Every structure is written in C-alpha cells, then in structure tokens.
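Working notes for the structure below.
The values are calculated or read from the model by the stated rules, or taken from the named source; none is laboratory data. Bear in mind the structure is a predicted one, so any value in this text is a computation, not a measurement. With ideal geometry, Cβ positions are generated from the backbone for all residues, glycine too; neighbour counts draw on all protein chains shown.
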Amino acid sequence: MKLATTRALFAYWDGLRGERTAPERAEIEPAAIRHVLADTFVVEVDSARHCPFRLAGTRLCALFGRELKGVGLCDLWAPDRRHEATSLIGTVLDERAGAVCGLAATTAAGEVLELEMILLPLRHGGRTHARMLGCVASALPPARLGLDPVARLGLRSMRVIRTDTSDRLPVSRPPVMPEGLRRGPFRVFDGGQSRLPTK
C-alpha cells in the first residue's frame, strides 16, 4: 500500500475484525474514518457481482463526475476490461481477503491518472459475500477535480492482502522466572538435586 488513505482504511478494517475474517457492516463508524471518508465506498454484492455502490464519498463521486450510488463497481471499468473487475471481486469474496490495486484511470479528455484502490470484505447480518468496503485515492489529485472526470478504469497491478490469523506470529514474552531465596547478591533456586543420595 503506497498511499496513506489506503493504509488508514486497511488499519481501521483490520482493527475492527479482530480474529474474524471480516467485520460486520454495522460496525463501520463513519466518524472513525472521517479523514478518509471522502474517498471511501461501500458496495453491495449482488448475484451477478456487478456490486452496486451503496455509499460513495464526495471526492470519489467528484473524481468520476457523477453520483455513484446504484452504479456497479464493474461499470467503472472499460467494457473490454470488465473481466479484471469481476476477477478482483471474486478474489476478495472467495478468499475472504483484502486486495490493493494500482489502477490506470483515463479521463474524458484522455489524460491518464494513477490511482490506488483497496477492496475489503465485510459481513452483513453474519453473511459473507454480502458487502465490501473500499477506497480510491490518488497521490496527486487532479487539479480540476470533477471538470475532467474519469471515464474508465483499467487494472495495472493487484496484491492480495493475506489476513489469516493463523499466519500471525505469537507475541514473544520473557520467560517467567521462579521465585528464589536471596543469599546476598545471589538468588538461590531449588534445583533437581536438593538432597544428596543416601548410601
């Protein structure tokens, strides 16, 4: 993850989920992510996996020059590259893992912008394959945000973020030393041979 926005959203999601594969949609508190809320979205997973937007931040809508609520996430891709979006969605849902992507965004005037997107699974009412949380951010936001909207997306890179809790290393703790008796500057511990063998 290159951008602070994507790192912040991932850290929030990761903290919420704890030992689970994904947190519940109802646990998302907009106030807790207010500094990245304008770039953030939530999509619903429908049967065709077009994934319509349920919520989309103001900066994200300005980037595309329209209100995104109800628009399918896949519909933001160029028609000949929509298989990239469906493959990405399938990976996040089926592997129950997040994915961070580098995107090439072509504007209506033909300018190409570099964007970063993160897509994270959410549960809804206990169900998996129900919602996804994500954000789209740019290292250099376009100076004329909304005047030259993004017309289509293409995938440049993708990395799955492994979050299996079994992969986490246990926290190392210093060994607990047994209590001993003080003898001057030394501490004497009961050893294996506290008594001499009798003949």
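I'd like to verify a number: residues in the range 4-44 that are in a loop (DSSP other than H, G, I, E, B) and closer than 29 Å to LEU145 by Cβ, how many?
Total meeting the criteria: 5.
Considering the range 87-124 alone, what residues qualify as being touching a Phe, Trp or Tyr at 6+ places or on another chain (Cβ under 8 Å) and surrounded by fewer than 21 Cβ atoms within 10 Å (Cβ to Cβ)?
none
Residues to consider are ARG81, ARG127; find the one that is closer than 30 Å to ARG20 by Cα, at pLDDT below 95 and surrounded by fewer than 17 Cβ atoms within 10 Å (Cβ to Cβ). Quick ask: steps written out before the conclusion?
Details: ARG81 fails: closer than 30 Å to ARG20 by Cα.
On inspection, the qualifying residue turns out to be ARG127.
Which of the strands (runs of 3 or more DSSP E) contained wholly in the range 85-152 include at least 2 residues that are over 16 Å from the mean Cα position of the chain (by Cα) and under 22 Å from LYS69 (Cα atoms)?
Details: elements: 98-107, 112-124, 127-137.
Hits in the range 85-152: 98-107.
What is the residue count in the range 112-136 for residues that are free of Cβ contacts under 8 Å to residues at least 60 places away in the same chain, of a type outside the set (D, E, K, R) and within 19 Å of ALA97 (Cβ to Cβ)?
Here the count works out to 1.
Which numbered condition trips up ALA97, out of (1) farther than 20 Å from LEU9 by Cα; (2) at pLDDT below 95?
Looking at each condition in turn, ALA97 falls short on (1).
Among the residues of the range 23-73, which ones are closer than 21 Å to HIS83 by Cα, acidic (Asp, Glu) and without any contact (Cβ under 8 Å) to a residue 40 or more places away in the chain?
Result: ASP46, single match.
Being in contact with a strand residue (DSSP E or B) (Cβ under 8 Å, 6 or more places away or on another chain) and more than 18 Å from ARG162 (Cβ to Cβ) is the filter here; which residues of the range 5-15 pass it? Before the answer, list the steps.
Going through the range 5-15, the residues in contact with a strand residue (DSSP E or B) (Cβ under 8 Å, 6 or more places away or on another chain) turn out to be 5-6, 9-10, 13.
Scanning the range 5-15 gives a single hit, THR5.
May I ask you to list pairs of residues, at least six apart or on different chains, whose Cβ atoms are under 8 Å apart, with the first in the range 145-162 being on the phi > 0 side of the Ramachandran plot and the second being of a type in the set (Val, Ile, Thr)?
none
So if I check each of ASP94, ASP75, ASP80, which one is under 15 Å from PRO149 (Cβ atoms) and either in contact with a His (Cβ under 9 Å, 6 or more places away or on another chain) or among the acidic types (Asp, Glu) (or both)? Give the derivation first.
Details: ASP94 fails: under 15 Å from PRO149 (Cβ atoms); ASP80 fails: under 15 Å from PRO149 (Cβ atoms).
Answer to the selection: ASP75.
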